[in-house]
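Below is one structure, written out as structure tokens, with a few remarks after it.
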Amino acid sequence: MSEHDPISAPDDGLDRELDRPWRTWASIGIGAFALVAIFFGFIVLPLAEPGGGNFLTVVCRALGVPGYGDTAAEGGGTAAAHPASGVTWTVATLGQVGAGNPQAGAQLAGDVCAACHGADGLGQDGSFPRLTHQSAEAIYKQLQDYKSGARLGGRSATMAGIAQSLTDQQIADLAAYYAGLGKPFAAHPVLSMTPSIIHLAQQGDPHRALPACDSCHGDARDRPREAPVLWDQYSSYIEQELQLFASGERSNDDYGRMRDIAKRLTPEEISGLAIYYGVVGITAPAQ
Amino acid sequence: MWVAFGVFGLAAILGAWQMWVRSPIPAPFASPDTYYASVTAHGTLMAYVLTTLFAMGFGYYVAVSALDRPLPGLRYAWIAFWMAVVGVAMAAVTVLLGKASVLYTFYPPLTGSAFYYIGLVLVVVASWVWVAIMLIAMRGWKRGNPGKPVPLAMFGTVANAILWGWTTVGVAAELLFQVIPAALGWTDTIDVGLSRTLFSWTLHAIVYFWLLPAYIAFYTMVPQAAGSRLYSDLMGRVSFILFLVYSLPVGMHHLLMDPEHGSGFKFLQSALTGLVTVPTLLTIFTITASLEIAGRLRGGTGLFGWVAKLPWREPMVLATGLSFFMLGFGGFGGIVNMSYGMNAMIHNTAWVTAHFHLIFGGAVVIMYFAIAYAIWPRLTGHEAANLRQVRLQLWLWTIGIVIVTFPWHMLGLQGQPRRVESFDYSDPLIAGWAPWVVVSMIGGFIMLASALLFIWNLATLFRGAPSTQPTRYAMAVHPPRRLPPVLNGFGMWNVVVLVLMLVAYGYPIAQFFIYGSNQALVQRLD
């Protein structure tokens, strides 16, 4: 980065003499301006701001030192956020999900889940959702939300009781087991579907600020890991959950995203989307 | 140059199409995916590729023509050129495949395909070769001409090369240590605060890197084209030095709404940003004075009579007039952006887009056109057959950019967000935006017409009389005979930049290492 002037000029003494005023005054000018800006930015203006505190507090706040409550840096307001779900996606959470043991999960699933969701995870009829081909994160989040009471509506009372009896490790084991069941379902053509429903699913309706369902629930690699796959879920289950989101009864969606979306869908769109993605519930053959 | 202008043509098409998508009129191929891929491609090609390749090509041209010496390291220059071409191809193909729709400002923790970032790194590394060659060329000339002032065109070019060296450190650190490891899957988390801080280091200085070729033309080509002399060589040197010093420790005005920094640093960097008005005003004064000499020599009288007498038929003079017009409006808009308080009104709105399209797309790129028209005869060996098409192209560009950006400024004040694919114009709150978006879309197509005409002009016009004159840069009214070495080199100014950067960015970057960082999960888009 540095660049050396070749000192090959004929008269170094003259050069130095020519340089001196420039070096001096440029340094003074540049330095003085910076010092004045620092004086105002770190002392005068912060002292004049509401917030108070002694001199050291005020200067530390202007520097942005954590703990000194810079109103810009740390929110400062009194409003507290109320997360919709107790699950936050951190490295630790992902590590816990990744530590799930599918063999232990299979054992547990047979004892706890199979009665309603079937030994193969495909559910028994339309009112018990299919658990296969979901990501481990999706299963993990829903079980945790049942456990914490974040997820309401539908059969949440039953599920809360079951989930509360499970440890975090057992939830991760179940998630690992179901994630390994069955290969991801591919999108299948729905021949007789209204074009507007297909467009809603694939492109969304930006004019109504509705994103495409596929952007989170499709098979793209960049979708949120915890968003459930909709393909081949029971239509009746999809419709029921969209209605619960629309009424606000189910509210474990981060940032209220699904509540926002479901509220703006018409009943016809809700049932159309449920048919587009889902399968009609059938009673599983007796075991 | 052809590569630069080729991608410019492609990106101009994308830009006009993007405005069509945002307008109430249904556009072909419109979807959020194509829109964001297109915005990424438009920004990447215009802001990184066009500018870097243009600056490199123009720098090589100046080094040979102003110093009157062969280019040192010609072989390395060609290697760097092909490296840049490969990098551009990698980045452009990745974006157009929709594998890196992260916008040209990257926005971690979003990460696209690693090919996109690695392609950009290749372009940056190629430009570092150019920086080295510029420094070696100036040093070689100084050795051969001890005590003599470096020609102003080369002085400005080396100022820009050094500025670029400093500028790229921030983004290179972000890409190499944060984004590329994330894109390759080596890391699952990224400290967004740190990466935004590093990007801000680059984000404002890069603007002056784009701008300086235009200023080099103002000082060294415009007075010559107008048949005049440069009013002051000293002002040119001081302006280039001030741009070098005050384009770097100022980038935090891009982070005024970000939570990770204290208000004191934001104020300090905003205040330092204000100083870039100084070289801009010095330049406008000096060049206007130089043109006034030309106008009076041609018989102009009175306070403004000389303006009418200027040789407006010369593309370089016409482009300068139009550029100053756009620079004036764009400059005042920019003062709003950099102000700690006022920025909040227009943050992330169409105002910001309007500002940099007016300054960069308008005032600067029109000078790229003028420079290309001025040096094409030397490169092709033929003068332009006629200049009418050239002037038409320059006028169309200016009219287009005014029609595009003036509505954007108004819409930005009304809160229209930038980088949004479509709007619900049936909502009465924003229904009033619709006609203005259509107006700016029309401006976009006028600009596109001008862009295509520019490429057509370069390809077809230069078939006239053989060009025999060597390139002449403007003489100063009082040509400097002996300069203090501080005004003839950059040793001291590099130290000043280092000190100011330590003051302005030292703690803001160090805090991420002192207090530990907040990691966000990487979100992969490829």
Extent of the stretch B:309-398 along each principal axis, from alpha carbon coordinates, in Å, largest to smallest?
52, 30, 18
Can you give the calculated 222 nm mean residue ellipticity of chain B, where each DSSP H run of n ≥ 4 adds -39,500 (n - 2.57) and the sum is split over every residue, rounded to the nearest 500 deg cm²/dmol?
-22000 deg cm²/dmol
Quick check on packing: order B:107-117, A:252-262 by the mean number of other C-beta atoms within 10 Å, highest mean leading.
B:107-117, A:252-262
What residue among B:A172, B:W397, B:H382 has its Cα farthest toward the positive end of the dipole of the protein assembly as shown, where the charges are +1 on Lys, Arg and -1 on Asp, Glu, each on the Cβ?
B:H382
Which far-off residues, 5 or more places away or on another chain, put their amide H under 5 Å from the one on B:R524, with H placed in the peptide plane?
B:T111
Using alpha carbons only, what's the Rg to Rh ratio of the stretch B:285-337 with Rh from Kirkwood?
1.07
Short version: what are the Cα gyration tensor semi-axes of the stretch A:118-228, square root of 5 times each eigenvalue, largest first, in whole Å?
28, 16, 15
Two-site label geometry, A:D168 and B:Q469: point separation in nm, points 7 Å out along Cα→Cβ:
7.8
Of the accessible area of the stretch B:77-207, with the probe set at 1.4 angstrom, what percent is carbon plus sulfur?
77
Can you list residues from other chains, or at least 5 along the same chain, whose modelled amide H is less than 5 Å from the amide H of B:L230?
B:M475, B:A476, B:V477
Just the number: Rg to Rh for chain B, Cα atoms, Kirkwood Rh, two decimals.
0.95
Please list 3J(HN,Hα) in residue order for the stretch B:489-500, calculated via the Karplus relation 6.51 cos²θ - 1.76 cosθ + 1.60 where θ = phi - 60°; whole Hz, with x for glycine and proline.
x, 10, x, 5, 6, 5, 5, 4, 4, 4, 5, 5
Roughly to the nearest percent, how much of the accessible area of the stretch B:328-436 is carbon and sulfur, given a 1.4 Å probe?
71
Partner shielding of B:477-488, as the mean number of partner chain Cβ atoms within 10 Å, equals 4
Counting sequence-distant residues (5 or more places) and residues on other chains, those with an amide H built under 5 Å from that of B:S23 are none
Whole-number percent relative contact order across the stretch B:91-191, with pairs defined as alpha carbons under 8 Å at least 6 apart:
33
Over chain B, with the other protein chains present, what is the accessible area per residue in square angstrom, probe 1.4 angstrom?
36
For peptides B:145-155, A:26-36, B:500-510, sequence by mean Cβ density within 10 Å, most packed first:
B:145-155, B:500-510, A:26-36
Using a probe radius of 1.4 Å on protein heavy atoms only, what is the accessible area buried between chains B and A, both sides summed, to the nearest 100 Å²?
4200
Per-peptide average of other Cβ atoms within 10 Å, ordering B:467-473, A:157-163, B:452-458, A:47-53 highest first
B:452-458, A:157-163, B:467-473, A:47-53
When Lys and Arg each count +1 and Asp and Glu each count -1, what net charge do the other residues less than 10 Å away from B:F155, Cβ to Cβ, add up to?
0
Run the numbers on the stretch B:1-75 and let me know its relative contact order in percent, using alpha-carbon pairs under 8 Å that are six or more apart.
40
How shielded is B:136-142 by partner chains, expressed as the average number of their Cβ atoms within 10 Å of its Cβ atoms?
2
What is the log10 of I(q)/I(0) for the stretch B:376-526, computed with the Debye formula using one identical point scatterer on each Cα and no solvent, at q = 0.08, 0.16 Å⁻¹?
-0.62, -0.96
Over the whole of B:266-279, what's the average partner chain Cβ count within 10 Å per residue? Rounded to a whole number, please.
3
Based on the alpha-carbon set only, what is the convex hull volume of the stretch B:149-283 divided per residue, in Å³?
113
3J(HN,Hα) from dihedral phi, the stretch B:353-366, Karplus parametrisation 6.51/-1.76/1.60, rounded to Hz, x for glycine, proline
4, 4, 4, 7, 6, 5, 6, 7, x, x, 4, 8, 5, 5
Compute, for the protein assembly as shown, the length of the dipole vector about the Cα centre, with Cβ point charges of +1 (Lys, Arg) and -1 (Asp, Glu) only. Units Debye, rounded to 20.
3120
Fraction of alpha-carbon pairs in the protein assembly as shown farther than 42 Å apart, rounded to whole percent, equals 41
Of all the C-alpha pairs in the stretch B:466-526, what % are more than 18 Å from each other?
71
Run the quick spin-label model on A:V91 and B:F177: label points 7 Å from Cα toward the beta carbon, then report their separation in nm to one decimal.
1.6
Phi-based couplings in Hz for the stretch B:164-171 (Karplus 6.51, -1.76, 1.60; Gly and Pro marked x)
5, x, 4, 4, 6, 4, x, 5
Kirkwood hydrodynamic radius, the stretch B:1-91, all distinct C-alpha pairs: what's the number in Å?
14.9
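The values are calculated or read from the model by the stated rules, or taken from the named source; none is laboratory data. All of these numbers come straight from a predicted model, not from anything done at the bench. Don't worry about glycine lacking a Cβ; one is built from the backbone with ideal geometry, like all the others, and counts go over all protein chains shown. SASA here: full protein model, heavy atoms, side chains in, ligands and nucleic acids out. Shrake-Rupley method; radii C 1.70, N 1.55, O 1.52, S 1.80 Å.
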